[in-house]
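The values are calculated or read from the model by the stated rules, or taken from the named source; none is laboratory data. Keep in mind that what you see is a predicted model, and the values were worked out from it rather than measured. Glycine also receives a Cβ, built like all others from the backbone with ideal geometry; neighbour counts cover every protein chain displayed.
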Amino acid sequence: MTVAMVLLGGAIGAPLRYLTDLFIQARHDSVLPWGTFVVNMVGSAVLGVTAAAAVSSDVPSWVLPLVSTGICGALTTFSTFGYETLRLVEEGSILAAAANSVGSLLVGLALCSAAYASTMALL
């Protein structure tokens, strides 16, 4: 059952990631990889909510593998983040690479923490 939930979540998260990236990038004429940033931040927030719900309420056991590992795992992407940051460095956009790295880390942690805390307060 767990593997099936991870597979189902991945089947949902991967296309969401691809389509979101296309949608965001088509609307920004910027050297920064906004599509990857957005999916990683959304995934951070969703993971915070899911983790809090699992800790503080009677969430069915299949929810964590479906949402956390499956959907968030396929939606978010560390490898693309790393590649895009390296590409910025190679292109000489050192400040943009630094902003992408630091911004992704700080905003991702803040969103996950805020989503976790907010969900815990509501439940």
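Assorted remarks:
Residues checked against (1) of a type in the set (A, V, I, L, M); (2) outside any helix (DSSP H, G or I); (3) at pLDDT 95 or above; (4) surrounded by 14 or more Cβ atoms within 10 Å (Cβ to Cβ):
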{"site": "ALA74", "(1), (2), (3), (4)": "yes, no, yes, yes"}
{"site": "TYR83", "(1), (2), (3), (4)": "no, no, yes, no"}
{"site": "GLY92", "(1), (2), (3), (4)": "no, yes, yes, no"}
{"site": "LEU95", "(1), (2), (3), (4)": "yes, no, yes, no"}
{"site": "VAL102", "(1), (2), (3), (4)": "yes, no, yes, no"}
{"site": "LEU106", "(1), (2), (3), (4)": "yes, no, yes, no"}
{"site": "CYS112", "(1), (2), (3), (4)": "no, no, yes, yes"}
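- For SER44, the stated conditions hold: it is within 19 Å of the chain's Cα centre (by Cα) and crowded, with 17+ Cβ neighbours inside 10 Å.
- Subset of segment 44-62 [free of Cβ contacts under 8 Å to residues at least 60 places away in the same chain and touching a helix residue (DSSP H, G or I) at 6+ places or on another chain (Cβ under 7 Å)]: THR50, ALA54, VAL59
- Among the residues of segment 9-37, those identified as of a type in the set (A, V, I, L, M) and not in a helix (DSSP H, G or I) are ALA26, VAL31, LEU32.
- Taken across segment 47-69, residues that are modelled with pLDDT of 95 or more, farther than 24 Å from LEU109 by Cβ and aliphatic (A, V, I, L, M) do not occur at all.
- Pairs meeting the criteria (first residue in segment 82-105 and more than 19 Å from VAL42 (Cα to Cα), second residue modelled with pLDDT of 95 or more and among the β-branched types (Val, Ile, Thr), beta carbons under 7 Å, at least 6 apart or on different chains) are ALA97/THR85; ALA97/VAL89.
- Qualifying residue in segment 5-15 (condition: surrounded by 15 or more Cβ atoms within 10 Å (Cβ to Cβ), among the small types (Gly, Ala, Ser) and more than 30 Å from VAL89 (Cα to Cα)): yes
- Selection of first residues in segment 4-19 that are in contact (Cβ under 8 Å) with a residue 40 or more places away in the chain and of second residues that are aromatic (Phe, Trp, Tyr), restricted to Cβ pairs under 7 Å at least 6 apart or on distinct chains, gives the following pairs, ordered by first then second residue: MET5/TRP62.
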